[in-house]
Amino acid sequence: MHPTSYSARIGTNIHSITLEQTPILTNSIKIFPNPAKSIIKVEVSDADDKIILVELYASLGNLILSKSCNTTLYEMDVQSYKEGIYKIRVFTKSGYSDTKSFSIVR
């Protein structure tokens, strides 16, 4: 989207402002199953968008995994991780990002 400029006269001065439209993102990220035992799936709702980066964080906030990809459905093997609560941050090609929590149970 292109910015639009407007001018207004206030008193003897002419002031110019520029407005930019920001697109409304209707995309969403789905994480399932939750809780997970062996595999967690990450899916982007917009079929025209792609997941490009997935980051996995432990409950204390340390980065465990950072994986580049180019897909609408990403599967992650979580069998080697301990039981607990994790956060997953997902970035898409359109610029959308979201962070979700999920649990691993045995």
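Output wanted: per-residue J couplings in Hz (rounded whole) for the stretch 87-100, from phi through Karplus 6.51 cos²θ - 1.76 cosθ + 1.60, θ = phi - 60°, x for Gly and Pro.
10, 10, 10, 10, 10, 10, 4, 6, x, 6, 9, 8, 10, 10
Can you return the lysines within cross-link range of residue 82? Criterion is Cα-Cα under 20 Å, with same-chain partners fewer than 8 residues away left out.
Candidates past the 8-residue exclusion: 37, 41, 67, 100.
For the stretch 31-106, what value does the Rg/Rh ratio take when both radii are computed over Cα atoms and Rh is the Kirkwood radius, given to two decimals? If you can, show how the numbers build up before the last one.
Values: Rg = 11.8 Å, Rh = 12.4 Å.
Radius of gyration relative to Kirkwood radius: 0.95.
Search the structure for amide H atoms under 5 Å from the amide H of residue 50, placed 1.01 Å from N in the peptide plane, and list their residues when 5 or more places away or on another chain.
The list, which skips near neighbours in sequence, is 93, 94.
Among 12, 72, 92, 18, what's the order by accessible area (1.4 angstrom probe), most exposed first? Walk me through the intermediate numbers first.
Values: 12 125, 72 45, 92 5, 18 85 Å².
Putting 12, 72, 92, 18 in descending order of accessible area: 12, 18, 72, 92.
Kindly write out, for the stretch 28-40 in residue order, the coupling ³J(HN,Hα) from the Karplus curve 6.51 cos²θ - 1.76 cosθ + 1.60 (θ = phi - 60°), rounded to whole Hz, with x marking Gly and Pro.
Once θ is set to phi - 60°, the couplings for the stretch 28-40 become 8, 10, 10, 10, 7, x, 9, x, 10, 10, 9, 10, 10 Hz.
Which loop GluC sites (Glu not before Pro) in the stretch 28-87, with loop taken from DSSP, have no more than 15 other Cβ atoms within 10 angstrom of their Cβ? Don't skip to the end; give the middle numbers.
Working: sites: 43, 55, 75, 83; in loops: 83.
Of the GluC sites (Glu not before Pro), the ones in loops of the stretch 28-87 whose Cβ has at most 15 other Cβ atoms within 10 Å are 83.
Give the accessible area for residue 103 in Å² (nearest 10); use a 1.4 Å probe, count only protein heavy atoms, and leave out ligands, DNA and RNA.
40
The values are calculated or read from the model by the stated rules, or taken from the named source; none is laboratory data. Small disclaimer: the values here were computed from a predicted structure and weren't measured. Every residue, glycine as well, gets a Cβ built from its backbone with ideal geometry; the counts of neighbours run over all protein chains shown. Just the protein is used for accessible areas: all its heavy atoms, side chains included, with ligands, DNA and RNA removed. Shrake-Rupley method; radii C 1.70, N 1.55, O 1.52, S 1.80 Å.
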